[in-house]
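J.: A single structure is presented below for examination.
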């Protein structure tokens with residue numbers, strides 16, 4: 001019976017669920033963006049600069065600490081060059097951070113916390129339950145017997 005309800009709901013209410021879930025996601029500040037290589041490089045550059053300034057490092061000082069050339073440091077921060085894995089590791093170590101943090105969104109409002117994800121999941125679960133209930137009510141009010149066949 002659950003399988004039948006799921007198929008029926010997914011078939012008849014798919015577009016409604018999709019539209020409503022998009023509203024829920026927007027309401028909870030989840031912004032899904034297409035991450036292009038250019039945006040990723042800009043994010044890396046901004047985070048490198050921010051982390052460097054938090055340590056009061058100049059580009060020259062960070063280059064020295066990371067054992068890379070000043071020109072390479074300038075090119076990476078200027079979005080003219082991608083660092084290799086080895087260079088990224090050196091930079092992260094010099095900045096006393098994990099490499100992955102250099103790719104996190106700069107603006108903390110872009111990050112979705114665990115609590116926000118849980119709220120979204122709870123809202124979607126409620127929405128699905130309401131849609132199933134609505135389907136069953138519509139199905140029964142149309143004179144049908146809830147998907148069970150008569151013998």
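J.: For residue 85 and residue 35 in one chain, what is 0.36 nm times their gap in residues minus the Cα-Cα distance, to one decimal in nm?
T.: Values: separation 50, 0.36 × 50 = 18.00 nm, distance 1.95 nm.
Extra length available between residue 85 and residue 35 comes to 16.0 nm.
J.: Right, another one. So what is the relative contact order for segment 37-110, in percent, with contacts set as C-alpha pairs under 8 Å and at least six apart? Mind dumping the intermediate values first?
T.: Values: 64 pairs, mean separation 28.9, N = 74.
39 percent.
J.: Based on the mean of other Cβ atoms within 10 Å per residue, sort peptides 90-96, 125-131, 57-63 so the most packed one is first. Write out the running numbers ahead of the final one.
T.: Working: 90-96: 18.9, 125-131: 13.9, 57-63: 17.1.
Highest to lowest by the protection proxy: 90-96, 57-63, 125-131.
J.: Then there is this: Classify segment 38-104 as rounded, prolate or oblate from the Cα gyration tensor: take a ≥ b ≥ c as the square roots of its eigenvalues, call it rounded if a/c is under 1.5, otherwise prolate when a/b beats b/c and oblate if not.
T.: Details: a/c = 1.31, a/b = 1.15, b/c = 1.14.
Here segment 38-104 falls in the rounded category.
Since every read-out is calculated from the coordinates, none of them should be taken as a lab result. Not measured: the values here are computed from a predicted model. Reconstructed Cβ throughout: ideal geometry from the backbone, glycine too, with neighbour counts over all protein chains shown.
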